[in-house]
Amino acid sequence: MLNLLWAGMIIAGIFFAAFTGQIPEVTKAALDSSKEAVTLCITISGVMAFWTGMMEIAQKAGMIRKLSAKLLPFLHFLFPELPSSHKAIPHISTNIIANILGLGWAATPAGLNAMQALSDLEKERRSGKAPGPVLPPGTASKEMCNFLILNISSLQLIPVNIIAYRSQYGSVNPAAITGAGILATSASTLTAILYCKYKNHHPY
């Protein structure tokens with residue numbers, strides 16, 4: 001559907017430009033936008049490489065493990081039926097920490113690994129090897145839904161992406177968005193937690 005919408009808008013723009021004699025402006029805008037997109041990709045690649053490298057250093061230095069241990073009470077609160085020693089715990093912790101630091105690129109692999117581990121948990125439950133409610137194959141568990149909602153709400157202390165974009169487009173103070181970002185993502189994360197807890201007790 002999105003592909004159709006974008007294609008429709010592009011075609012409509014070209015037809016409008018053709019009927020109003022503005023094809024040269026459309027061509028110039030397309031070339032300028034292509035150049036700008038490449039420049040932005042280079043900027044974002046540098047930011048991504050820096051912060052992903054910092055995340056890797058923190059992981060090898062044991063900082064991620066220590067922060068994960070401090071997150072255990074929160075994870076137990078949000079995932080009460082998830083065994084505390086399950087392999088999904090480290091992946092969920094890494095995903096949350098990366099999101100808090102604004103490292104969406106580093107959070108994605110951890111999020112995928114967490115979902116795979118939660119899927120394996122459902123298989124273990126169906127075979128009687130793990131405690132918890134048994135769901136039909138292909139059904140998302142409470143843990144999966146809670147994790148997805150928490151991941152989307154994404155509390156961020158350092159909105160790296162937005163700071164990079166603002167810097168690329170000439171903002172005088174790219175980091176000025178940080179305070180507003182913290183407030184907005186704090187509100188979204190709190191709402192996500194309240195919603196998850198409500199749905200866990202009132203699933204229908």
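The values are calculated or read from the model by the stated rules, or taken from the named source; none is laboratory data. Bear in mind the structure is a predicted one, so any value in this text is a computation, not a measurement. FYI the Cβ positions are ideal-geometry reconstructions off the backbone, even for glycines, and counts take in every protein chain you see. For the accessible areas, the whole protein counts, side chains as well, though only heavy atoms, and no ligand, DNA or RNA atoms are used. Shrake-Rupley method; radii C 1.70, N 1.55, O 1.52, S 1.80 Å.
Rounded to the nearest whole Å², what accessible area per residue is found for the chain with the 1.4 Å probe?
Normalised by residue count, the accessible surface of the chain is 63 Å².
What is the helix-to-structure angle for 178-201, meaning the angle in degrees between its Cα long axis and the longest Cα principal axis of the chain, kept from 0 to 90 and rounded to the nearest 10?
40 degrees
Angle check, please: helix 63-78 long axis (alpha carbons) against the longest principal axis of the chain (alpha carbons), in degrees 0 to 90, nearest 10.
For helix 63-78, the angle is close to 70 degrees.
Can you bin region 68-199 into rounded, prolate or oblate? Criterion: square roots of the alpha carbon gyration tensor eigenvalues sorted a ≥ b ≥ c, rounded for a/c under 1.5, prolate for a/b above b/c, oblate for the rest.
prolate
Do you know the Lys pair count in the chain for C-alpha distances under 21 Å, with sequence separation 8 or more or different chains?
Number of lysine pairs found: 12.
Quick one: compute the contact order of region 136-204, relative version, from alpha carbon pairs under 8 angstrom and 6+ residues apart, as a percent.
This gives 40 percent for region 136-204.
First check a/c for region 1-79, with a ≥ b ≥ c the square roots of the eigenvalues of its C-alpha gyration tensor; if it is under 1.5, answer rounded, and if not, answer prolate when a/b is larger than b/c or oblate otherwise.
Oblate, because a/c is 1.5 or more while a/b does not exceed b/c.
What whole-number distance in Å separates the alpha-carbon centres of region 139-201 and region 83-110?
14 Å
In the chain, what percent of the accessible surface is made up of carbon and sulfur (1.4 Å probe, ligands and nucleic acids excluded)?
71 percent
Which order do peptides 148-158, 7-17, 181-191 fall in by mean Cβ count within 10 Å, highest first?
Sorting 148-158, 7-17, 181-191 by mean packing, highest first, produces 148-158, 181-191, 7-17.
Let a ≥ b ≥ c be the square roots of the eigenvalues of the Cα gyration tensor of region 1-147; is it rounded (a/c under 1.5), or, if not, prolate (a/b larger than b/c) or oblate?
Here region 1-147 falls in the oblate category.
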